[in-house]
Structure formats: structure tokens, C-alpha cells
Amino acid sequence: MRMIKYLGIFFAVVCLMSSGVRAGNLDENFVIEPPTLDEINEQLSTLTAALQNVVSKVPAALLQQAKAVGVAKVKKGGFLVALESGQGMLMIRNGMQWSDPACIQLSSASFGWQAGIEAKTVVLVFTNREAVGSLEGAMKFGAGLNLSVGPLAADVGTGTVFEKDVYTYSDGMGLFAGLSLEGSSLGFEPLCNEGLYGKKVTASEVLSGSVQPQRGASAGVANLKNVLDKSL
């Protein structure tokens, strides 16, 4: 009976992890195409609300030193083998302004005695611009990229020195006790960016500002950036 229970959890996880695949027949599920403008705007709205909810936990002193901020909706689930996957957006800071967002993908796999499902918002605060890199290649947390759970506002003064490359904050509910990004990979998501910018683009083009989001997504982009503007 216990094995049946765990198998049930496993199949539920499979359904959860595949929920992002567009509905349709089996052949349609393997068609790779960029998201529509409506889907991009829905993602922007979701991420804006998620960032607004979590960023209140981030100390102002840390945000003032932030060189980049990313937000993603992450799902984790599995039985013995846990899969973690999520999409989000990342903006770098140029002076007092934030770049237009680059779509990112977070993913990892872990092994061990575990069973459960978890969905969370993850906010990444980069204090080292070089740690962001170009996003053209996948970055791996914990492999030359120092990662730490972010301090709470009550524990931080304006003179605090933040020595880690990346600080993480999260919010959500689930059967897993917590969410660790150690060993996770972060990279540029080409299809999402194609949907957002209306053509195939590179990470360097997005983060340098040499391309502009589609006009139909400009309001959503502005709302997302405004959350960070207000937090500074």
C-alpha cells in the first residue's frame, strides 16, 4: 500500500511538471514554438505579482547593492528522484535603471529519499554583475557561484557588506520542507524571449538594450520593472 501511495505521488508529479505543455494531441505537444503575446502578458502579470509579494522580504540595503534581480515560478516534485523546473525573468541594473527582462529557465534534479510536490516563487538577488555573465551559457549555483539564503530586513543594516554572489528568497507552499537552489542551473530561454521580443534574440542583445519588447508587451514589462524601481 505504501508503494502504491508513492507511485501515486510520482504520477501526480509527472502531471504537474508537464502542465506547462500546451493542451492538444500527442503530436501537438512536441511542436516547439514561441509563446503568444497573450501568454507572454499572462506570464508578466504573474511574475509581477509574485515579485511584489516576495520583494518586501528583501532588505533595502541589499536591493541598493543589487546588480541584477531575477524572479521565477518554480515547481519541484518527485519520488526518490526530484525534478525542479521553472521559468522566470531577470533584469540587470544599469545605474538607477533596470534593463528590460530576459526570460530565464531554472532546472535541477536531486536524488535521495524524498517524496512530495512544491510550487514556489523564487527571487534571486545578484550582488556581483560578473556572476550574471552573459546568460548565453547555463550557470550552475554552487559551482563557482556563491549562493546564500537572503537575510531578513530586521537583521540588516545599511552598512552591511554582502559577500555572496547571489541571495535567494522564496514564498509558497508544498510538501517539501524547503527549496534549495544548490546545484540548480540557470540559463537563457530562447523561445520565451522570442515571444517577448517578437524575433529571435540573444541574451546580450536583451540585457544591453539593443532590442525592445513587442509593443503589446511593453506595459507588462514596465509594471515588472516598476516593482524594483519602487523598492530602491
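A few notes on this one:
- The 1.4 Å probe gives accessible areas that order R93, R129, R215, largest first, as R215, R129, R93.
- Rough spin-label spacing in nm, given labels placed 7 Å along Cα→Cβ, for K67 and V149: 2.6 nm
- Each peptide in 56-63, 97-104, 41-48 was scored by the mean count of other Cβ atoms within 10 Å over its residues; highest first, the order is 97-104, 41-48, 56-63.
- Extension reserve of the D38-Q214 stretch, reckoned as 0.36 nm per residue once the Cα distance is removed: 62.2 nm
- Subtracting the Cα-Cα distance of L232 and R129 from their residue separation scaled by 0.36 nm leaves 35.3 nm.
The values are calculated or read from the model by the stated rules, or taken from the named source; none is laboratory data. If you're wondering where the values come from, they're calculated on a predicted model, not measured in any experiment. Backbone-built Cβ (ideal geometry, glycine too); neighbour counts: all protein chains shown. Ligands, DNA and RNA are excluded from the accessible area calculation, which covers all protein heavy atoms including side chains. Shrake-Rupley method; radii C 1.70, N 1.55, O 1.52, S 1.80 Å.
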